[in-house]
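Below: the structure, in structure tokens.
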Amino acid sequence: MRNRLLSTMAAMVGLALGAMAGTASAADPIKVGAIVSATGPASFLGDPEKKVLELYADRINQAGGVAGRPVQLTVYDDGGAADKAASFTKRLIESDKVDVIVGGTTTAATMAAVPLVERAEVPFISLAGAVVIVEPVKKWVFKTPHTDRMAAEKVMEDMKARGLTKLALISEDSGFGKSGREQTVAVAKERGIELVADETYGAKDTDVTAQLTKIRNNAAAQAVLVFGLGQGPAVVTKNYRQLGIALPLYQSHGVASKEFIRLAGGAAEGVRLPAAGLVVAAQLAAEDPQKKVVTEFTKVYEEAFSSEVSTFAGHAYDGLMIALDAVRRAGGTDKAKLRDAIEQTKGYVGTGGIVTMSPKDHMGLTLDAFHMVEVKQGDWALVK
Amino acid sequence: MFAELLQYMLSGLTIGAIYALAGLGFSIIYNASHVINFAQGEFIMIGGMASATLTASGVPLPLAILIGCGGAMLVGVLVAKFAVERARNASTVTLIIITIGASIFLRGVAELVWGKDFKRLDAFSGETPIQLMGASMQPQSLWVVGCAAVLIVAIGLFFNRTLTGKAMLATSHNRLAAQLVGIDVKRVVLASFALSAALGAIGGAVVAPITFSYTEMGIMLGLKGFTAAVLGGLGHGPGAVAGGLIVGVAEALGAGYLSSAYKDAVAFVIILAVLLFMPNGLFGKRGTERV
Amino acid sequence: MQNILHGRLTGLLAMGAIIAVLPAFLPNNFYLDVAILAGFNAVVCVGLNLLIGYAGQISLGHAGFFGIGAYASGVLAGTYGWPPVLALLAGAVFVGLLAFVVAKPILRLKGHYLAMATLGIGIIVSIVLRTESGLTGGPDGMTVEPFRIFGVELYGERVWYWVVGALLFAVVWLSLNLIDSPMGRALRAVHGSEVAAEVVGVDTARFKVLVFVLSAVFASVAGSLFAHYAGLITPAKADFFKSIELVTMVVFGGMASTFGAVVGAVVLTLLPQLLTMFQDYQQIVLGAILMATMVFMPKGLLPTLAALIPARRRA
């Protein structure tokens, strides 16, 4: 009886394997793999990232590719789960045999992929925020977004300028929030800012009035910093206004998307956060070197998707461009040469800032890349 | 001190009211068909997403809620007709997996139709907080609690005063006997799905201004609704309502006085404790097993 | 009797043969990786199937046991430098004890109340793992040391494939024997009707506890080894969704069929990888497949397919 069953099963497995193997393609494409969280809790970030990668791969191919070679993009959606990110990284390396990987929308996904790319020696450009990704430096791992540490520094710089020294922190229980919390605690110590409250909220919480009530009742607090991404910070902002807390409210760069303003509505007015020049493209000074790049990118993105550009879309753009620029300079896709070329990226003007990498710095951004912006009348305004 | 407690209670009751509606949805379907419908959360999602996206494109709010509600009811009936009814004789676990399949399917469709981003729905009557003895609440909370209360009373009247309601109640007590006295049991099952879907969709619409709507909003709300239904005693309507409020308030108090990270755990510890001493929930009737 | 014994052996041998030849058909490490993940899931599912399929007790919290095993290995072998084998055993013993302690009160519950209670336990475990970040690394999880035994480090997909293959073989063999033992027959009685079983003198409570503990220990061991293999463990491996996934695998493959549980685990581990070709339609297709399979094959994949084979040839 088992025989027919077995042959049926064998046929199924064979079919499955055939389908997984995918299709071979045109002559010598540059194989770019990507893992993004296009669905799940971080889709806020990953969905625009996916769109941008696909859009620009198409545009580049229509313009004749890179050094005459087309770009072949393979995108997988990890749904915000680190273990899925690891599994897809393996697939990109082993099965799709990509030349370079862009992605890891979240810090968790990135850190799950890191040991794999280090072992397989494949250049990897992460789109996630936490400082642990590039500190300590890992040979094959780079990243495009600003770090949480930089965000904390920028916020505290601004606090100092306003004469505020006592900060209440409320951070998300996600990887981004936890890392952000650690960096905030460390930076606060260095900069002489006193942390007077340290609350957390869940990434999917729909009500954080309980935690905010504690902060409201804390007489010492002079300003509040929220460290999180997605809808959580919007919920916090709404509850903050609901409770009538009058202290200055800071957010991290994890909400640098028009989505945040749209979700929080009027409650977002007056919120300050560090963000890349991209979100205030029109307000940048004409002589700003980023002006041209961000204006152009904003135009292309908004025409293609008729939705407003976010810094996350920009991170993906930067990642892809840095990778392809390195391919050009390395004169091919030899992985070791490609890695070296990425590390030698110098003066690349991207949406996140001006990137100059080195063997000690696999991100290549300075604090200047951040602009402090404030929400005014439903839009970002540069804080002068 | 008191203001703090009051603040926590207000938050707890608001979210608890939604859990109560979801729990009630679980109970109604359970009564009619002995199915635990894990797609209950998706009804909430449909209500929230439909009302947010429709109002954004200019449809007046009441009409948007009505359309969302109708859509959810249609989906509910389809799930009942094409999935649950066909597998009537399957085991309990199989039925659970079918409804889980339905919920994954519905989330996928919703993602395609509405996209993955969060949708905002303006609060029904402004966002100026209402101050109450040192605590403050969003006016929308009143809408949530008010709507939930009205719906719960309406459901109660429906089951006790109308013929259809009584037929549904009879079916839950004894399916075979109900069939013998001429009740169309199949239609009762369909009606129960439609009713639960409507409850969920309205709940989703009123809570959307507080929680935002997105395709995965139903997962946690659905799970808490199941928790509420079990805590109150499966199939016991008022029990599900009480269960929902208890879970909501326990969470808010847990977040306020214990630790916000463990607030979800608080609800589940309570349930384990209750089940330890009352294996059929707070108000559940003691079941006897037929051999 | 002779027939049952015969069928049991054939199945086991067939599975062994498939495990033995499969690597020859897998072109690269990615495929091996999928096979290994399927293997780990299968180990947990075989245990869970004893509980769901034979003892008739649902558990929506088994990922919690998997998670405890995984983190026991991660923390004890990593942070505290225990030998991995010892860490694995410690995790298994702890999970066994935990399961034993909660089994008595919990298994008194019926049907959906039991589902709720196990779900609660699973969720509490995953919340603790997510929150105690000092020990567990929080939501991002923690890295896990490689598995070393007698000074040899288990490393690479090739090696782990055989480890998991052997483990699965052993677990299936154990389950088949258990099912065919007097206790196994008692178990099937429990599923049929508890009251009836008790009337004829079967101590159903004891059996249910035993199976609950056993299935929890299977999950814990699989969790420990998985942690070492993956080198990374996150709380997501212990959460509610993982528990649901495991139950789905068991039911999908076929309740009360050990090989069904294996098939369910393999198919549902493979499916998400296959469905990537549907891009934005992935979820829809997955949901539709789940629904359709359960509606048209309520007994699950393997038993339904097996029933298609003419009865004459079965003897």
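The values are calculated or read from the model by the stated rules, or taken from the named source; none is laboratory data. All values derive from a computational prediction rather than experimental measurement. Backbone-built Cβ (ideal geometry, glycine too); neighbour counts: all protein chains shown. Note: accessible area is taken over every heavy atom of the protein model, side chains too, but ligands, DNA and RNA are not part of it. Shrake-Rupley method; radii C 1.70, N 1.55, O 1.52, S 1.80 Å.
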Find all pairs meeting these conditions: Cβ atoms under 6 angstrom apart; at least six residues apart or on different chains; first residue within the stretch B:105-125 and more than 14 Å from chain C (Cβ to nearest Cβ); second residue open to solvent by 50 Å² or more (accessible area, probe 1.4 Å) and of a type in the set (Lys, Arg). B:Arg120/A:Arg262
Hey, could you check the stretch A:180-204 for residues that are in contact with an Asp or Glu (Cβ under 9 Å, 6 or more places away or on another chain) and within 30 Å of B:Pro209 (Cα to Cα) and say which is farthest from the other protein chains (Cβ to nearest Cβ)? A:Gly180
How many residues are assigned to a helix (DSSP H, G or I) and either more than 10 Å from chain A (Cβ to nearest Cβ) or in contact with a Gly (Cβ under 9 Å, 6 or more places away or on another chain) (or both) if we restrict to the stretch B:202-216? 8
Restricting to the stretch C:269-297, count the residues that are under 14 Å from B:Ile100 (Cα atoms) and either in contact (Cβ under 8 Å) with a residue 40 or more places away in the chain or surrounded by 18 or more Cβ atoms within 10 Å (Cβ to Cβ) (or both). 10
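Here's the yes/no breakdown for (1) part of a loop (DSSP other than H, G, I, E, B); (2) within 27 Å of C:Ile179 (Cβ to Cβ); (3) in contact (Cβ under 8 Å) with a residue 60 or more places away in the chain:
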{"residue": "C:Leu76", "(1), (2), (3)": "no, no, no"}
{"residue": "C:Leu88", "(1), (2), (3)": "no, yes, yes"}
{"residue": "C:Val93", "(1), (2), (3)": "no, yes, no"}
{"residue": "C:Val102", "(1), (2), (3)": "no, yes, no"}
{"residue": "C:Met116", "(1), (2), (3)": "no, no, no"}
{"residue": "C:Leu129", "(1), (2), (3)": "no, no, yes"}
{"residue": "C:Gly134", "(1), (2), (3)": "no, no, no"}
{"residue": "C:Glu145", "(1), (2), (3)": "yes, no, yes"}
{"residue": "C:Trp160", "(1), (2), (3)": "no, no, yes"}
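To keep it simple, each residue is scored yes or no on (1) hydroxyl-bearing (Ser, Thr, Tyr); (2) surrounded by 15 or more Cβ atoms within 10 Å (Cβ to Cβ).
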site	(1), (2)
A:Thr298	yes, yes
A:Tyr301	yes, yes
A:Glu308	no, yes
A:Ala313	no, yes
A:Gly319	no, yes
A:Ala323	no, yes
A:Arg339	no, yes
A:Lys346	no, no
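Quick grid of which residues meet (1) within 16 Å of B:Glu216 (Cα to Cα); (2) among the charged types (D, E, K, R):
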| residue | (1), (2) |
| --- | --- |
| A:Ser37 | yes, no |
| A:Gly40 | yes, no |
| A:Ser43 | yes, no |
| A:Asp47 | yes, yes |
| A:Val52 | no, no |
| A:Gln72 | no, no |
| A:Gly80 | yes, no |
| A:Lys90 | no, yes |
Within the stretch B:96-111, restricting to residues that are among the β-branched types (Val, Ile, Thr), open to solvent by less than 10 Å² (accessible area, probe 1.4 Å) and in contact with a Leu (Cβ under 8 Å, 6 or more places away or on another chain), the one that is modelled with the highest pLDDT is B:Ile98
Within the set of pairs 6+ apart or on separate chains, which have a first residue in the stretch B:196-217 that is farther than 16 Å from B:Gln40 by Cβ and open to solvent by 10 Å² or more (accessible area, probe 1.4 Å), a second that is part of a helix (DSSP H, G or I) and hydroxyl-bearing (Ser, Thr, Tyr), and C-beta atoms under 9 Å apart? B:Ile210/B:Thr14; B:Ile210/B:Ser141; B:Tyr214/A:Ser43
Tell me, yes or no, whether the stretch B:79-95 has at least one residue that is assigned to a helix (DSSP H, G or I), open to solvent by less than 30 Å² (accessible area, probe 1.4 Å) and more than 14 Å from chain C (Cβ to nearest Cβ). no
Would you check if A:Leu164 is in a loop (DSSP other than H, G, I, E, B), modelled with pLDDT of 85 or more and open to solvent by 10 Å² or more (accessible area, probe 1.4 Å)? yes
Residue set C:Gly151, C:Gly184, C:Gly134; condition at pLDDT below 80 and either in contact with a His (Cβ under 7 Å, 6 or more places away or on another chain) or open to solvent by 60 Å² or more (accessible area, probe 1.4 Å) (or both); output residue C:Gly151
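Table: residues versus (1) farther than 15 Å from B:Ala22 by Cβ; (2) at the interface with chain C (Cβ under 8 Å from one of its Cβ atoms); (3) in a helix (DSSP H, G or I).
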| site | (1), (2), (3) |
| --- | --- |
| B:Gly218 | no, no, yes |
| B:Gly225 | no, no, yes |
| B:Val230 | no, yes, yes |
| B:Gly239 | no, no, yes |
| B:Gly243 | no, no, yes |
| B:Val247 | no, no, yes |
| B:Ala261 | yes, yes, yes |
| B:Asn280 | yes, yes, no |
